[in-house]
Amino acid sequence: MTSVLALAPHPDDDAIGCGGSLAKHAAAGADIVSVTVIGRERSRHDEHMTDEEFREETTAACRELGVQRSIWLDEPSRDLVLSRRLHLRLVSIIREVAPDILYLPHRKDGDAEHRMVYTLGTESVWMAASDFFLECGAPVPAPTLILGYEVWSPLASFQYTENIDDTIECKIAALRCYSSQLKHTQWDEAARGLASYRGVLTSGFGYAEVFDIIHCSGTLER
């Protein structure tokens, strides 16, 4: 069984960037874990929501995508620090999950916290494969495939395309679970438009997600 880990800076980022691909993995029987790094930042649009209601948005989105497990690290918004403590938390998760495929934001995303999570993810993969940091469990091999997804800044160039014709509605349904976020921005419509644009550019029709290949070794059945 393929093991997939999706690393999201904020609660809806993985649904925006790779939600269609995650749903395809789920349909194929993969074991999928989602990790959200940054916790809740209250706004005037959701100040009356309880923390439990806010957390349920992610739980509901994961159900739509077929993600079996969601982990929150609850790091502070706009005060994110790439500390040893945070690295070791993610190393422990990577060593437990031993993912074959890892999704994370691409390295040139326009959001500073997205770029920090890219660094956190790639460094933690190296740490998890090393002979050190034994307090986090036994070392595991690096994922066979690490893909950088687009959220805030579309990729200027990309090396991998995934057709999501069969899962675009799962992706949109997952994004619509984030009712608090849709009060700020119509991420559901933006994601559909971007997926349509990527589909037209790459095959002339349909929907697609595109990725930066950060690491690829050997072959992997998808």
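The values are calculated or read from the model by the stated rules, or taken from the named source; none is laboratory data. Only a predicted model underlies this, so the values are computations on that prediction, with no experimental measurement involved. We place every Cβ from the backbone using ideal geometry, glycine too, and count neighbours over all the protein chains shown.
Here are the numbers for the structure shown:
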{"read-out": "Selection count where residues are over 17 Å from Cys62 (Cα atoms) and of a type in the set (Gly, Ala, Ser), scope segment 142-187", "value": "5"}
{"read-out": "Candidates Ser217, Ser124, Ser179, Ser203, filtered to the one that is within 17 Å of Tyr103 (Cα to Cα) and modelled with pLDDT under 95", "value": "Ser217"}
{"read-out": "Subset of segment 95-123 [over 14 Å from the mean Cα position of the chain (by Cα), farther than 19 Å from Asp12 by Cβ and of a type in the set (A, V, I, L, M)]", "value": "Val97, Ala98"}
{"read-out": "Unmet criterion (only one of (1) under 14 Å from Leu22 (Cα atoms); (2) not in a loop (DSSP other than H, G, I, E, B)) for Val117", "value": "(1)"}
{"read-out": "Of residues in segment 1-58 being of a type in the set (A, V, I, L, M) and part of a loop (DSSP other than H, G, I, E, B), the one modelled with the lowest pLDDT", "value": "Met49"}
{"read-out": "Residues within segment 140-155 that are surrounded by 16 or more Cβ atoms within 10 Å (Cβ to Cβ) and assigned to a loop (DSSP other than H, G, I, E, B), tallied", "value": "8"}
{"read-out": "Members of segment 65-81 found to be in a loop (DSSP other than H, G, I, E, B) and in contact with a Ser or Thr (Cβ under 7 Å, 6 or more places away or on another chain), listed by number", "value": "Val67"}
{"read-out": "Members of segment 82-113 that are in contact with a Lys or Arg (Cβ under 9 Å, 6 or more places away or on another chain) and part of a helix (DSSP H, G or I)", "value": "Val97, Ala112, Glu113"}
{"read-out": "Some residue of segment 207-217 being among the hydroxyl-bearing types (Ser, Thr, Tyr), under 21 Å from Ala27 (Cβ atoms) and touching a helix residue (DSSP H, G or I) at 6+ places or on another chain (Cβ under 8 Å)", "value": "yes"}
